[in-house]
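The next block holds one structure in the form of structure tokens; read it before the comments.
The values are calculated or read from the model by the stated rules, or taken from the named source; none is laboratory data. Just so it is clear, the model here is predicted, and its values are computed rather than measured. Note: ideal-geometry Cβ built from the backbone for every residue, glycine included; neighbour counts use all protein chains shown.
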């Protein structure tokens, strides 16, 4: 997407994943899976490529395959925070929220306190009806954002999980203004499925250029 440079700490990794991102971002999910298979054949021992294979299957809704892929990656390196994060994302969609919370906590610890992974934990708390913990994480991230980058996009997912769509769309507008790289996944992220029918969501998808 022209004009959308990254403020994401994972952007350097994502550059290696460009073909998959381009396909997945516009909803061509099976094409994205095939692109990642090609990349993995070239670098079968790469933690990054193995993790992105799991992520691609996650976005394609192939959750059991994604779990298997993430676990395979963690056998290669049990301390790879990004793989724990992706495994947590899959567990979240499978409604295995206690398992998701455990993986997100591991990811936070191993990453040195990544705001991205803290946001995932906050969202899992919200979905698990742990509203107090979710709000505490929101407060922590909002304070953190005063000192360093914290993705408005990821914060928006917590508000969607809490049912506060107005705040979520305000944060998505902020992410758009910041040219947040995270928006590349907006149209395929299951975190926003509850608000996809909202005209504001469809308008944002069109403005970003994610329509198929």
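Here are some notes:
- Residue count for the stretch 94-109 under the criterion of being surrounded by fewer than 18 Cβ atoms within 10 Å (Cβ to Cβ) and touching a helix residue (DSSP H, G or I) at 6+ places or on another chain (Cβ under 7 Å): the result is 3.
- Complete set of residues in the stretch 176-212 that are more than 16 Å from residue 92 (Cα to Cα) and within 14 Å of the chain's Cα centre (by Cα): 180, 181, 182, 183, 184, 185, 186, 187
- Boolean, residue 66 is farther than 19 Å from residue 188 by Cα and crowded, with 24+ Cβ neighbours inside 10 Å: no
- The stretch 155-193: number of residues that are part of a helix (DSSP H, G or I) and within 18 Å of residue 131 (Cα to Cα): 13
- Hits in the stretch 171-208 (condition: out of contact with any helix residue (DSSP H, G or I) (no Cβ under 7 Å at 6 or more places or on another chain) and surrounded by 15 or more Cβ atoms within 10 Å (Cβ to Cβ)): 189, 205
- Long-range neighbours under 9 Å by Cβ, at least six apart or interchain, first residue outside any helix (DSSP H, G or I) within the stretch 125-145, second surrounded by fewer than 15 Cβ atoms within 10 Å (Cβ to Cβ) and modelled with pLDDT of 95 or more: 128/98
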